[in-house]
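Have a look at the structure below, then the notes.
The values are calculated or read from the model by the stated rules, or taken from the named source; none is laboratory data. If you're wondering where the values come from, they're calculated on a predicted model, not measured in any experiment. Virtual Cβ from ideal backbone geometry, glycine too; neighbours counted across all protein chains shown. SASA here: full protein model, heavy atoms, side chains in, ligands and nucleic acids out. Shrake-Rupley method; radii C 1.70, N 1.55, O 1.52, S 1.80 Å.
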Amino acid sequence: MVRTLLVRGLLLGLLAGLVAGVFAFAAGEPRIDEAIALENAAAHEHAQGAGEQAHERAHEHGEEVGRGTQKAGLFLATGLYGLAVGGVFALVYAGLRGRVGPRSDGGLALAAAGVGFAAVIVVPFLKYPANPPAVGDPETINSRTLLYLAMIGVGLLATAIAVTTSRAVPGGPWARWPAAVLAFIVPVAVASLLLPGVDEVPDGFPATLLWQFRMTSLGTQLVFWASFGTLFGWFCDRAARSAAVPA
């Protein structure tokens, strides 16, 4: 059964990743083009002030990877992301099935996808939202990555605490759900207050472009998790109905 779920998760994760890639290409790439244009303009002005040699170095640096290659690589990236997430999700789903969450396979898949989106995407996004290419100091990328991964860990830990709390609280759903929500919010809020903030948006960067890029980034993840959860749940329900039909 685990092998079947794993194969299903990998294939559907790949499909959902490609669907998210289409959304990111249509909605996100224009924002990235605008951000790169701003970055190139700033680099050009700096190079003019520093001399022709610096201008040539800036031009060569900007042409290291063409935008056409980057756009083609977008689908490769989202596809690989879907494969990885789909495989991990399937293994987690196999461990949860019949133990926690909704009794139906489809309901459990949707609930797990929703929780995964909240813990892995929304929690770190609220503290460290995505920035376009023209925003951020390259020298701080390692520290920013570690902080982002730390918030993902906080989201997963908060999810585990919420599930444990929900199972430990006596009474019906009117008692368990508020306790679970509170158990999730508290560690996330504490971590958000303790971890350092990152604000590297340069002065004069268009606020509208920054907002559009961040919403597109979040929307791409929403499309992926919604597509994957729906597809995975539908196939699980279909497999369960087929198994229940007498031969």
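Quick notes on this structure:
- Separation in nanometres of the label points that stand 7 Å from Cα toward Cβ, at Leu149 and Leu91: 1.7 nm
- Cα-based convex hull, region 144-247, per residue volume (Å³, whole number): 170 Å³
- In the context of the full set of protein chains, residues of the chain present 59 Å² of accessible surface per residue (probe radius 1.4 Å, heavy atoms only).
- Cβ-based net charge around Val2, under 15 Å, with every Lys or Arg adding one and every Asp or Glu removing one: +3
- Cβ-based net charge around Gly106, under 14 Å, with every Lys or Arg adding one and every Asp or Glu removing one: +3
- GNM result for the chain, Cα springs below 10 Å: residue of Arg167, Arg31, Arg214 fluctuating most strongly: Arg167
- Relative contact order of the chain, pairs being alpha-carbon contacts under 8 Å that are 6 or more residues apart, as %: 33 percent
- Top of Glu139, Glu29, Glu200 by mean-square fluctuation, Gaussian network on the chain, Cα under 10 Å: Glu139
- Between Leu222 and Met1, the FRET efficiency estimated from the beta carbon spacing at R0 = 22 angstrom works out to 0.15.
- Its Cα gyration tensor gives region 195-242 an equivalent ellipsoid. The semi-axes, each the square root of 5 times an eigenvalue, are 40, 13, 4 Å from largest down.
- Expressed as a fraction of 2.2 N^0.38 Å, the value expected for a compact globular protein of N residues, the C-alpha radius of gyration of the chain is 1.22.
- Share of carbon and sulfur in the accessible area of region 131-175 stands at 69%, probe radius 1.4 Å.
- Label-zone membership for region 102-143, site Ala179, 7 angstrom Cα→C-beta point, backbone N under 19 Å: 102
- Computed from Cα atoms, the angle from the helix 52-62 axis to the main principal axis of the chain rounds to 20 degrees.
- Compared with the alpha-carbon gap, the fully stretched path from Val100 to Val169 is longer by 23.4 nm at 0.36 nm per residue.
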